[in-house]
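The values are calculated or read from the model by the stated rules, or taken from the named source; none is laboratory data. Because the structure is a prediction, the values reported are computed rather than measured. FYI the Cβ positions are ideal-geometry reconstructions off the backbone, even for glycines, and counts take in every protein chain you see. For the accessible areas, the whole protein counts, side chains as well, though only heavy atoms, and no ligand, DNA or RNA atoms are used. Shrake-Rupley method; radii C 1.70, N 1.55, O 1.52, S 1.80 Å.
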Amino acid sequence: MNEKVDVLIIGSGASGAAVAWSLADTRMRILCLEQGDWVKSTDYPSHGRDWEARSFSDFATSPNRRRRPTDYPINDDASPIKVVNFNGVGGSTIMYTAHFPRLKPSDFKVRTLDGVADDWPIDYETLEPFFAENDRMMGVSGLAGDPAYPWHEPPMPPLPLGKSGQVFGKAMNKLGWHWWPSDSTIATVEYEGRGRCLNLGHCTPGCAQGAKASTDITYWPIALRKGVELRTHARVREITMGADGMATGVIYYDRDGREQVQEAELVVIACNGVGTPRLMLNSQSGKFPNGIANSTGLVGRNLMFHPYAQTYGYADRPLDGNHGPPLCLWSQEFYETDKARGFVRGYTYQFGRGIQSIAEAIQSTEVGRMPWGPDHHRVYRELLNRRIYLSAICEDLPEEHNRVTLDPVLKDGNGIPAPKVEYRIGENTQKMIQHALKNARTILETAGATNIGTQVPILNGGWHLLGTARMGSDPERSVVNGWGRCHDVKNLFIVDGSIWTTSGGVNPTSTIQALALYIADQIKTRVSDGTVFE
Amino acid sequence: MSDAAILTDAEIRDLRTLAGVMIPASDAHKVPGADDELIFADILRSLERDFGDCRRALAHLAQLSGGSFSALAPERRAGIAAAFKKEGGAALALLNRVVLLCYYRDDRVMRSLGQEPRPPFPKGHVVEQGDWSLLDPVKQRSAIYRRTP
């Protein structure tokens, strides 16, 4: 029997790490259970000659392809967008692009401003100090003064424009459209013990230099020094309930597959927008036969992905290729609602400076651009390092039919039912995608690019897992309240992307972490004044 | 046991012949083909989790060839390969990917492309800062985000 803890956090990724670090101030006994393991920087693919190949094997973004023992399978056959994630200390921050925009003030007022979906029960101003704190902890590079955002000052200078960035900048200036250097969690100077970016050019599957922030090298070292315990290879099967209607803890499997019971006063779920509803739906009891804190039936519903609409073309000369972090600029010209476009809400363009050499060969062969036979060599040399691209991150609106359920057959290595994803792109988003494709073509043509192609949606583009345990003031229409506590269970909190009321149109990690820090702050305040369970 | 040991001799012959059709050697570019001994050995070692799909693709190729792709006269291979490329589907895509991943990490091929045959870490690359004055027109814009009530 494990000793009871004050706070049990499930998941050590973007949000779980931030909460652990913040709550460590309280000197409560805090334990985090993580189903994966630590990843050593020497394990990252950039150390070897097979670095591109490993993106298709043990560092594939899809858990169904990666198939590490620490992964769980996901049935996403009924979705045009496949789920990507990583399971280990740091979670999916190990395997993300480090693009770090925030949600905007208007994202929290969608119903008020645009008459769709729901307003969030909190706002940008409330989160602003937590955005700043998180920028400091993760180490953000960028440039102050972006007219698309309220003023904020990233602690490090921006990533270089490079050849590709200048091509895009000139094109955007010709069109009179907004562009700006991206906020990124890639260190451009030495920062808090992290080395500066060396332009390895292979950021997504882990940074061998440690320049990219992942929570295993940002929040966790400090949280551990403060006394938080992190137990790896601990896969939680279910959250348990007491007769008093409170969560009592969890049952999990340790690295040897043995069942363990862990009791806690307060339970925090931080397993992402697919892992969290999966765990909740697997946590069935007499009080909650359809899953813990699921009296509304909303757990797992309203899944939002951000369909990615990518447009690419080829410059007339070699540009940056994969040298340097791939994402260096964004545009939010089309972010805010303009009803004349025929849809509400909007999207961010993230500009890509190029792709890896072999990825170019693979992708161009798959679409028939590159032939087999003697002409293969000539065509490849005309394509290599010339590709530039824009990806539109399109806002998804919450729709209840987009959901995560439990697969009746598929199970993980411990026999726990796996998640099943059913998703289709909504009508408003479809119109948005067409708008984004048209304008992306205009940008590329203005930049002088030719041979333009598209990928819509990006198949393995389910990076952003949002909305499946939504936040709201109305207990009939939401799972958690405005500070992350489940309406149904007063000592159960959710802190990951599941609680997003709407999705906005940006990469979510910055806002997920700011929100987690805010919830942790609320817990601390309410533990202190005795109102946390009221 | 390695994946290479699992493919039959006939499958290996067909795969090697196909690799040479996909990416033949080129005197003009001074590069070997994908059927080069070293590169092909790398391909065989690298089938790994794609082994099953690659084997299915090779079975399809053998069927199209009436038994053996490698036994066909060279002038017939191009036609069969074209049909295979059209019909091969996901299994062929995975096989093609393995061939490309191994071919384009060969030292000789990388040097012919002006690339250094090394892993990205620790040397990395140089990316120029660029002309930051390009941002001046954007800096002149007033706020474009919506104020909220």
10 Å binning of all Cα-Cα separations within segment A:435-485, expressed as whole percents from 0 upward: 20, 25, 19, 19, 16, 1
Using the Karplus curve 6.51 cos²θ - 1.76 cosθ + 1.60 with θ = phi - 60°, work out ³J(HN,Hα) for each residue of segment A:487-501 in order, rounded to whole Hz, and write x for Gly and Pro. 4, 7, 10, 7, 10, 10, 10, 10, 10, 9, x, 4, 8, 5, 6
5 angstrom amide H check on A:LEU410, placed H, neighbours 5+ away: A:ALA418
Residue-level accessible surface for A:MET280, protein heavy atoms, 1.4 Å, Å²: 0 Å²
Calculated FRET value between A:GLU400 and A:THR112, using beta carbons and R₀ = 25 Å, to 0.05: 0.75
Under unit Cβ charges (Lys, Arg +1; Asp, Glu -1), what dipole magnitude, rounded to 20 debye, does segment A:361-467 have relative to its Cα centre? 460 debye
Roughly how many Å² is the accessible area per residue of chain A, as a whole number, for a 1.4 Å probe? 32 Å²
In order through segment A:146-152: 3J(HN,Hα) via Karplus (6.51 cos²θ - 1.76 cosθ + 1.60), integer Hz, x for Gly, Pro: 4, x, 8, 9, x, 4, 8
Could you tell me how far the Cα centroid of segment A:355-392 sits from the Cα centroid of segment A:466-502, in Å? 45 Å
On a 0 to 90 degree scale, rounded to 10, what angle separates helix B:9-22 from the longest Cα axis of chain B? 50 degrees
With angles folded into 0 to 90 degrees, how steeply does helix A:14-23 sit against the dominant principal axis of chain A? Use alpha carbons for both and round to 10. 50 degrees
Along the charge dipole of segment A:1-141, pointing to its positive end and built from +1/-1 on Cβ of Lys, Arg, Asp and Glu, which listed residue (A:VAL39, A:VAL84, A:PRO129) has its Cα farthest out? A:VAL39
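Using alpha-carbon pairs under 8 Å, 6+ residues apart, how would you state the relative contact order of chain A in percent?
Numbers: 1336 pairs, mean separation 121.8, N = 534.
This gives 23 percent for chain A.
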Ratio of segment A:225-365's C-alpha Rg to 2.2 N^0.38 Å, to two decimals? 1.61
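Restricting to DSSP loop positions (anything but H, G, I, E, B) with no more than 12 other Cβ atoms inside 10 Å of their own Cβ, which chymotrypsin sites (Phe, Trp or Tyr not before Pro) remain in segment A:32-86?
Working: sites: A:TRP38, A:TRP51, A:PHE56, A:PHE59, A:PHE86; in loops: A:TRP38, A:TRP51, A:PHE59, A:PHE86.
Those that pass, being in a loop and sparsely packed, number zero.
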Out of B:LYS30, B:LYS139, B:LYS86, a Gaussian network model of chain B with alpha-carbon springs under 10 Å gives the largest mean-square fluctuation to B:LYS139
Between segment A:21-75 and segment A:201-240, what is the C-alpha centre distance in whole Å? 8 Å
Arrange the residues A:LYS524, A:LYS174, A:LYS4 by how much accessible surface each exposes, largest first, with a 1.4 angstrom probe. A:LYS174, A:LYS4, A:LYS524
Among A:CYS207, A:THR188, A:VAL236, which residue has its Cα positioned farthest towards the positive end of the charge dipole of segment A:177-237, with +1 placed on the Cβ of Lys and Arg, -1 on the Cβ of Asp and Glu, and the dipole taken about the Cα centre? A:VAL236
Which values of log₁₀ I(q)/I(0), to two decimal places, follow from the Debye formula for segment A:421-534 at q = 0.14, 0.24 Å⁻¹ with a uniform point scatterer at every Cα? -0.72, -1.34
Bin all alpha-carbon pair distances of the protein assembly as shown at 10 Å intervals from 0 and give each bin's fraction as a whole percent. 3, 15, 25, 25, 18, 10, 3, 0, 0
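Of the beta bridges DSSP finds with both residues in chain A, what % are antiparallel, to the nearest 5? Walk me through the numbers on the way to the answer.
Values: 47 of 67 bridges.
Expressed as a percentage, antiparallel bridges in chain A total about 70.
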Show me, for segment A:108-123, the HN-Hα J-couplings you get by feeding each phi into the Karplus relation (A = 6.51, B = -1.76, C = 1.60, θ = phi - 60°), rounded to Hz, glycine and proline as x. 8, 10, 5, 5, 4, 7, 10, x, 10, 6, 9, 6, 6, x, 10, 9
At the nearest 100 Å², what buried accessible area, both sides summed, do you get for B and A when the probe is 1.4 Å? 5600 Å²
How crowded by other chains is A:206-214, given as the mean number of beta carbons from other chains within 10 Å of each beta carbon? 1
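Which value, in debye to the nearest 20, describes the size of the charge dipole of chain A about its Cα centre when Lys and Arg Cβ atoms bear +1, Asp and Glu Cβ atoms bear -1, and nothing else is charged?
On the way: 55 positive and 60 negative charges, 255 e Å.
Result for chain A is approximately 1220 debye, rounded to the nearest 20.
Partner chain Cβ atoms within 10 Å, averaged over the residues of A:174-182 - can you pull that number for me?
2
Mind checking segment A:65-146 for trypsin sites (Lys or Arg not before Pro) that DSSP puts in a loop (not H, G, I, E or B) and that have at most 15 other Cβ atoms within 10 Å?
Details: sites: A:ARG65, A:ARG66, A:ARG67, A:LYS82, A:ARG102, A:LYS109, A:ARG111, A:ARG136; in loops: A:ARG67, A:LYS82, A:ARG102, A:LYS109.
Those that pass, being in a loop and sparsely packed, are A:ARG67.
What is the average number of partner chain Cβ atoms found within 10 Å of a Cβ in A:374-384? Could you put the intermediate results ahead of the total?
Working: counts 5, 2, 9, 10, 3, 0, 5, 4, 0, 0, 4.
For this peptide, the per-residue mean of nearby foreign Cβ atoms is 4.
Count neighbours as other Cβ atoms within 10 Å of each site's Cβ, and list the trypsin sites (Lys or Arg not before Pro) in segment A:329-384 that are DSSP loop with at most 14 such neighbours. It would help to have the intermediate numbers written out before the result.
Details: sites: A:LYS339, A:ARG341, A:ARG345, A:ARG353, A:ARG369, A:ARG378, A:ARG381; in loops: A:ARG345, A:ARG353, A:ARG369.
Sites meeting the loop and neighbour criteria: none at all.
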